[in-house]
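In what follows, a single structure is set out as structure tokens and then discussed.
Here, each number is a calculation from the coordinates, and none is a lab measurement. All values reported here derive from a predicted model rather than from experimental measurement. Cβ placement follows ideal geometry from the backbone for every residue including glycine, while neighbour counts extend to all protein chains displayed.
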Amino acid sequence: MAADELTRRGRVVLEQIPQIMREQGYSPSVRDIGQALGLSPTGVWHHLKRLAAAGLVTWTPGLSRTIRLTDEGERTVGGCSAERALDDGPVRGRRGGRE
């Protein structure tokens, strides 16, 4: 699946990642994405796996809050990098952990 073949919902999930990063100050969890979009964790995983297969997102298995856009994912959402999303927003709580 190429970036131009994203489903509407897949694109919304992709765009939500930097949005949550700006709001929270750290990478979103699957649950964060689901709550923001009204999706179940299973539904979020379905979209994340497709986005990862397309080379648009990545995460570290076994670690929480490691979901990030790849360079291609950043280009797809208009250049909003994970680092810029963090730099542009307030940092609250601890990075990589619970508040």
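What's the local net charge at V30, with K and R +1, D and E -1, over the other residues with C-beta under 12 Å away?
+2
With a Förster radius of 25 Å, plug the Cβ-Cβ distance of D71 and R9 into 1/(1 + (r/R0)^6) and report the FRET value to the nearest 0.05.
My answer for the efficiency is 0.65.
Taking a label point 7 Å from the Cα of W59 along the Cα→Cβ vector, which residues of the stretch 26-44 have an amide N closer than 11 Å to it?
Answer for the stretch 26-44: 28-34, 41-44.
Would you grab the residues whose amide H sits under 5 Å from the one on V57? Only those 5+ places off in sequence or on another chain, please, with H modelled 1.01 Å from N.
For V57, whose amide H was placed from the backbone, the distant partners under 5 Å are A52, T70.
Would you kindly state how much longer the chain becomes between K49 and R31 on full extension, computed as 0.36 nm times their sequence separation minus their alpha carbon distance, in nm to one decimal?
5.0 nm
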